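Q: Input: one structure, supplied below.
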Amino acid sequence: MLKINRVHHIAIICSDYEVSKHFYTQVLGFKILAEVYREERKSYKLDLEVGNQYQVELFSFPEPTKRPSHPEAAGLRHLAFEVDDIDEAIQHIQQQGVIVEPLRIDEFTGKRFTFFADPDGLPIEFYEK
């Protein structure tokens, strides 16, 4: 039987590297572990830490293809991050100018969650602990 331990990382391609770098590091507070510019690809690669674990890679490429629809395209639907205090998390990102959808209740767990988007429209979810 194949044994998979955990998700190692999530790779995100952005259309405006500086805008997305600001969003993920300043708005969401992810810590920069490494940042390199790959000349041969005209691309940045930014390794980010989430909750003391290496988990997000942010890439820039010249003229990336736009996301086909929001959010029900085939493939990745959204990213979900667990937060201790969802009200505090929402307040923090709203103060940074991020538009947040109304809170919802997970019908199976009773936990609260909400969605918002990164600068390229990638849906992101905050899910309470």
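The values are calculated or read from the model by the stated rules, or taken from the named source; none is laboratory data. The shown structure was predicted, so the numbers you read here are calculated from the model rather than taken from an experiment. Glycine also receives a Cβ, built like all others from the backbone with ideal geometry; neighbour counts cover every protein chain displayed. Heavy atoms of the whole protein, side chains included, go into the accessibility calculation; ligands, DNA and RNA do not. Shrake-Rupley method; radii C 1.70, N 1.55, O 1.52, S 1.80 Å.
Q: With respect to ILE32, is the statement that it is among the β-branched types (Val, Ile, Thr) and surrounded by 14 or more Cβ atoms within 10 Å (Cβ to Cβ) true?
A: Criteria not met by ILE32.
Q: Would you be able to say whether some residue in the stretch 63-72 is free of Cβ contacts under 8 Å to residues at least 60 places away in the same chain and open to solvent by less than 30 Å² (accessible area, probe 1.4 Å)? Walk me through it before giving the result.
A: Let us first name the residues in the stretch 63-72 that are free of Cβ contacts under 8 Å to residues at least 60 places away in the same chain, namely 63-72.
Now drop any that are not open to solvent by less than 30 Å² (accessible area, probe 1.4 Å), which leaves none.
No, the stretch 63-72 contains no residue that is free of Cβ contacts under 8 Å to residues at least 60 places away in the same chain and open to solvent by less than 30 Å² (accessible area, probe 1.4 Å).
Q: Regarding GLN53, is this residue free of Cβ contacts under 8 Å to residues at least 24 places away in the same chain and within 18 Å of ALA11 (Cβ to Cβ)?
A: On the way: free of Cβ contacts under 8 Å to residues at least 24 places away in the same chain: yes; within 18 Å of ALA11 (Cβ to Cβ): yes.
In short, yes.
Q: Answer yes if at least one residue in the stretch 82-100 is crowded, with 17+ Cβ neighbours inside 10 Å and farther than 17 Å from PHE23 by Cβ, and no otherwise.
A: Looking for residues that are crowded, with 17+ Cβ neighbours inside 10 Å and farther than 17 Å from PHE23 by Cβ, one finds at least one in the stretch 82-100, hence yes.
Q: Identify all residues within the stretch 16-28 that are open to solvent by 50 Å² or more (accessible area, probe 1.4 Å) and either free of Cβ contacts under 8 Å to residues at least 12 places away in the same chain or of a type in the set (S, T, N, Q) (or both); write none if there are none. Outline the logic, then answer.
A: Taking the stretch 16-28 first, the residues open to solvent by 50 Å² or more (accessible area, probe 1.4 Å) are 16, 18-19, 22, 26.
Selection gives GLU18, HIS22, GLN26.
Q: Still on this structure: Of the residues ILE13, ILE93, ILE4, only one is of a type in the set (A, V, I, L, M, F, W, C), free of Cβ contacts under 8 Å to residues at least 24 places away in the same chain and out of contact with any Cys (no Cβ under 7 Å at 6 or more places or on another chain); which? So that I can check it myself, show each step before the final result.
A: Working: ILE13 fails: free of Cβ contacts under 8 Å to residues at least 24 places away in the same chain; ILE93 fails: free of Cβ contacts under 8 Å to residues at least 24 places away in the same chain.
Criteria check complete, one pass: ILE4.
Q: Do we have GLU49 as open to solvent by 80 Å² or more (accessible area, probe 1.4 Å) and either closer than 21 Å to GLN94 by Cβ or acidic (Asp, Glu) (or both) here?
A: Details: open to solvent by 80 Å² or more (accessible area, probe 1.4 Å): no; either closer than 21 Å to GLN94 by Cβ or acidic (Asp, Glu) (or both): yes.
It is false that GLU49 is open to solvent by 80 Å² or more (accessible area, probe 1.4 Å) and either closer than 21 Å to GLN94 by Cβ or acidic (Asp, Glu) (or both).
Q: Could you list all residues from the stretch 101-118 that are open to solvent by less than 60 Å² (accessible area, probe 1.4 Å) and touching a helix residue (DSSP H, G or I) at 6+ places or on another chain (Cβ under 9 Å)? Steps first, please.
A: Looking only at the stretch 101-118, we keep the residues that are open to solvent by less than 60 Å² (accessible area, probe 1.4 Å), and these are 106, 110, 113-118.
Correct list: PHE113, THR114, PHE116, ASP118.
Q: Regarding the stretch 75-84, can at least one residue be identified that is in contact with a Ser or Thr (Cβ under 7 Å, 6 or more places away or on another chain) and modelled with pLDDT of 95 or more? First the steps, then the outcome.
A: To start, the set of residues in the stretch 75-84 that are in contact with a Ser or Thr (Cβ under 7 Å, 6 or more places away or on another chain) comprises none.
Looking through the stretch 75-84, none of the residues is in contact with a Ser or Thr (Cβ under 7 Å, 6 or more places away or on another chain) and modelled with pLDDT of 95 or more.
Q: Here is a follow-up. Mind listing whichever residues of the stretch 1-29 are more than 19 Å from PRO62 (Cα to Cα) and in a strand (DSSP E or B)?
A: Once the filter is applied, which keeps residues that are more than 19 Å from PRO62 (Cα to Cα) and in a strand (DSSP E or B), the stretch 1-29 yields only ILE10.
Q: Further question: Give the residue that is nearest to the chain's Cα centre (by Cα), with candidates limited to residues of the stretch 114-129 that are more than 24 Å from GLU63 (Cα to Cα) and of a type outside the set (Val, Ile, Thr). Step through it out loud before you land on a result.
A: Of the stretch 114-129, the ones more than 24 Å from GLU63 (Cα to Cα) are 114-115, 125-129.
Then drop every residue that is not of a type outside the set (Val, Ile, Thr), which leaves 115, 125-129.
Working: PHE115: 11, GLU125: 8, PHE126: 10, TYR127: 13, GLU128: 16, LYS129: 17 Å.
By that ranking, first place goes to GLU125.
Q: So, ARG38, is that one without any contact (Cβ under 8 Å) to a residue 12 or more places away in the chain and either on the phi < 0 side of the Ramachandran plot or exposed (fewer than 11 other Cβ atoms within 10 Å of the Cβ) (or both) or not? Steps first, please.
A: Values: without any contact (Cβ under 8 Å) to a residue 12 or more places away in the chain: yes; either on the phi < 0 side of the Ramachandran plot or exposed (fewer than 11 other Cβ atoms within 10 Å of the Cβ) (or both): yes.
In short, yes.
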